[in-house]
Amino acid sequence: MPNTSQRYRRLVELSPDGIVISRDTRIVFLNPAAVRLFGARAPEQLLGMSLYDLFSPEHHAHIRQRIEQWLAGEAVPLVVERIVRLDGSTTDVEISACLLDEQDGNAIQVIVRDIAGRTRTEAALRESEERLTLAFAGAQEGVWDWTLETGAVVYSPRWRQMLGYDDTEVEPHVSAWERLLHPDDRTRADQVIDSVVRGATTYEGEFRLLHKAGHYVHVLSRGFPVRRDTDGQVVRIVGTHFDLTERKQAEEALRRAHDELEARVRERTAELAQANASLRAEMSERERAERARLELHARLVFAQEDERRRIAREMHDQFGEQLTALGHGIDTLKAACLEDADLFRQVEALEAVAQRLDEDVDHLVWELRPTALDDLGLCAALTNYVHDWSRRVGIPAKLHTSGLLDDRLPSEAETTLYRIAQEALTNVAKHSQARNVDVILERRPDHVSLIVEDNGVGFEQSETENHRTGHGFGLLGMQERAALVGADLQVESAAGEGTTIFVRLATDRSGGVVDRA
C-alpha cells in the first residue's frame, strides 16, 4: 500500500485547485492545476519566480500584508485577488494559505482557486436581477414569491404600495393575501391554486384585494411554478400583480358611454319612427290630395269635353240650320236680281260671305269637338285632323295605324289620345321647323300606343324642367292629360335631332282601360 507521503503527493497532483509553495517569496513547487492556471506548459517556467510576479501590481500591497500574516501564523480568511498569467491575461482567484514548518526554513503553501466562472455567473445573475428589477419597475407590477410548504410569501414594495400599505403592514405570509382577498373571490382563487397543484403550468386570475383606504382594487395575478419536490408537487410559485383599476375604470366608462349611446339611439330611433309615421301620414295625405286633385281635374277636363261636345252639336245644329236657310234665301234673291247687274254682284258678294261663314262655323265646331270622334272613333277623327292640319300648316304629315279595327276605346281614352296628338302637332307647328311629321296609332292586346315624331330642330330636355318654354307648357299639359287615364308619356329630343312623343295606355282583354291607381 502507498505510504502517507505518496498519498499526499497523489492528492496534490490531482487537486482541481492550484497549489503553490514559496520560500522567501520564491516559488519552489507547483502542482499541475497551478501550472495550468498560470498559463504555463511546465512547472519549470514558473519555478524560482517571485510570488508577487503572479499577481497584478495593484494587489502587491495586499499580498505582502497577507504573507506577513501567514508567516506570523495568523489566521487569514479567504481573499479574492487577481493573478497574471504568463501571456499577460488576468483572472480572478480565491486564495488561502498556511505556514509550512520545514527544516530548511519556513515556507508558505498557497491554495489558488479559479473563480472566473463563478464571477461571470454572479455578474450575470446580478445583471439579470437588475434587468428583472427594472422590468418590474417599468411595468409597475408587484412581485410575490410564495413557498407553499411554509406559507411564507415575499411581497415586493410595489405589491404593498398598490394596496396602500408600507413595509411593516403586510405580514410575509399567505394569510395576508387571504385576509385582503374579497370573500366572493375566494372560490375562484382556490380553483386557480388547485389547477397549478394538479399540473397547470401557469397561475392566472383576476381578484379584488382590500386597499388600506377601504375600497377594493382589481388586480391581475399571474405566476408560474418555479420549483417542485421529488414527487412533482409544486412547492414554490413566483408571480406578479398588475393593477387593473385604470382598465376597469376605462371599461366602466366605455360601458356607460355605450349605454348612453344605446339610450340616444333608442331615443333617436323613436324620434325617427315618429317622424316617419308623420311623414307617412303626410305622404298619405298628399297622395290622397293628389288623387282628389287628379280626380277633380279629370272631372273638370271631361266635363269640359262634354261641354265642348254639347256646344259643338248646338252650334252645328242651330247655326247649320240658319246658315242653310240663309243660303236658300240668297239663292232666291240672286235669281230675282238677274236683270240688275249691280244688285246681282252685291248678292254674289253676300253669298261668298255666307259660304265663308258656313266654313268658319264648321271649323269652329270641328275644333271644339270633332263629330267624327264621337260618331266614328279615334282613328277616323285623327285621320281627318292630321290631313286638315297638314293642309293648314303646310308640313307633310302621315298617320300610320295598326290593329285598330271596329273596336272602340272608352270615350275618355279616345278623347285623351286625340287631344295629346292635337297638342303635339300644335307644338310641331309652333316650334319644330320640321319638314316632315309621322303619327303612329297602334293597338296591341294589352295596350294602345300613340307616337308623334318630327324631324325638326328639337330641344334640350333640361330646358323644359322649369317650363320656361312653349315646349314646357305643352308637354306639361300632355302629361297631365295622360295621367288622367293612367297612361305613360315620354319625350325624346335633342338639339338638331327632332322630337318624339311616346304615349302608352294599358288596356285589358275587353279593350277597357286598366286602372293603375
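The values are calculated or read from the model by the stated rules, or taken from the named source; none is laboratory data. Predicted model, so just to flag it, every value in this text is computed and none were measured. So basically every Cβ, Gly included, is an ideal-geometry build from the backbone, and we count neighbours across all protein chains shown.
Look at GLU321 and say whether it is modelled with pLDDT under 70 and loosely packed, with under 11 Cβ neighbours inside 10 Å. Don't jump to the end; show me each part of the working.
Numbers: modelled with pLDDT under 70: yes; loosely packed, with under 11 Cβ neighbours inside 10 Å: yes.
Yes: the conditions hold for GLU321.
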Per-region count, the range 403-454, residues among the acidic types (Asp, Glu), surrounded by fewer than 18 Cβ atoms within 10 Å (Cβ to Cβ) and part of a strand (DSSP E or B): 2
Do we find that LEU11 is without any contact (Cβ under 8 Å) to a residue 40 or more places away in the chain and farther than 25 Å from PRO77 by Cβ in this structure? no
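Yes/no matrix, rows are residues, columns are (1) within 22 Å of TYR385 (Cα to Cα); (2) among the charged types (D, E, K, R); (3) at pLDDT 90 or above:
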{"site": "ASN455", "(1), (2), (3)": "yes, no, yes"}
{"site": "SER462", "(1), (2), (3)": "no, no, no"}
{"site": "ASN466", "(1), (2), (3)": "no, no, no"}
{"site": "GLY474", "(1), (2), (3)": "yes, no, no"}
{"site": "GLY477", "(1), (2), (3)": "yes, no, no"}
{"site": "GLY486", "(1), (2), (3)": "no, no, no"}
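Please state which one of ARG264, ARG286, ARG256 is without any contact (Cβ under 8 Å) to a residue 40 or more places away in the chain and under 30 Å from LEU220 (Cα atoms). So that I can check it myself, show each step before the final result.
Numbers: ARG264 fails: under 30 Å from LEU220 (Cα atoms); ARG286 fails: under 30 Å from LEU220 (Cα atoms).
Exactly one of ARG264, ARG286, ARG256 is without any contact (Cβ under 8 Å) to a residue 40 or more places away in the chain and under 30 Å from LEU220 (Cα atoms), namely ARG256.
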The range 14-32: number of residues that are in contact with an Asp or Glu (Cβ under 8 Å, 6 or more places away or on another chain) and without any contact (Cβ under 8 Å) to a residue 40 or more places away in the chain: 2
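Hey, could you check the range 222-237 for residues that are within 17 Å of TYR155 (Cβ to Cβ) and touching a residue at least 60 places away in the same chain (Cβ under 8 Å) and say which is surrounded by the fewest Cβ atoms within 10 Å (Cβ to Cβ)? Spell out how you get there, then give the answer.
The initial filter retains those residues of the range 222-237 that are within 17 Å of TYR155 (Cβ to Cβ), namely 222-223, 226, 236-237.
From the residues that got through so far, the ones that are touching a residue at least 60 places away in the same chain (Cβ under 8 Å) too are 223, 236-237.
Numbers: GLY223: 20, ARG236: 15, ILE237: 21.
Restricting to residues being within 17 Å of TYR155 (Cβ to Cβ) and touching a residue at least 60 places away in the same chain (Cβ under 8 Å), the top hit is ARG236.
Of all residues in the range 212-227, how many are assigned to a loop (DSSP other than H, G, I, E, B) and either modelled with pLDDT of 95 or more or of a type in the set (Gly, Ala, Ser) (or both)?
Let us first name the residues in the range 212-227 that are assigned to a loop (DSSP other than H, G, I, E, B), namely 212-215.
In the following step, the residues that additionally are either modelled with pLDDT of 95 or more or of a type in the set (Gly, Ala, Ser) (or both) were identified as 213-214.
Residues meeting the conditions: 2.
Quick check, is LEU14 assigned by TED's automatic domain parsing to the domain that holds THR90 and touching a Ser or Thr at 6+ places or on another chain (Cβ under 7 Å)? Give the steps one after another, and end with the answer.
Values: assigned by TED's automatic domain parsing to the domain that holds THR90: yes; touching a Ser or Thr at 6+ places or on another chain (Cβ under 7 Å): no.
No: the conditions fail for LEU14.
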Residue selected from the range 165-185 under the condition more than 11 Å from LEU209 (Cα to Cα) and surrounded by 12 or more Cβ atoms within 10 Å (Cβ to Cβ), by the criterion nearest to the chain's Cα centre (by Cα): TYR165
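Would it be correct to say that ALA292 is modelled with pLDDT under 70, of a type outside the set (Lys, Arg) and outside the structural domain of MET478 (by TED's automatic domain parsing)?
No.
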Being at pLDDT below 90 and surrounded by 17 or more Cβ atoms within 10 Å (Cβ to Cβ) is true for just one of THR507, THR499. Which residue is that? THR507
In the set ASN106, ASN31, the lone residue that is polar (S, T, N, Q) and buried (at least 16 other Cβ atoms within 10 Å of the Cβ) is ASN31
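Pick from ALA189, ALA273, ALA200: which is surrounded by fewer than 15 Cβ atoms within 10 Å (Cβ to Cβ), small (Gly, Ala, Ser) and on the phi < 0 side of the Ramachandran plot?
Numbers: ALA189 fails: surrounded by fewer than 15 Cβ atoms within 10 Å (Cβ to Cβ); ALA200 fails: surrounded by fewer than 15 Cβ atoms within 10 Å (Cβ to Cβ).
Result of the check over ALA189, ALA273, ALA200: ALA273.
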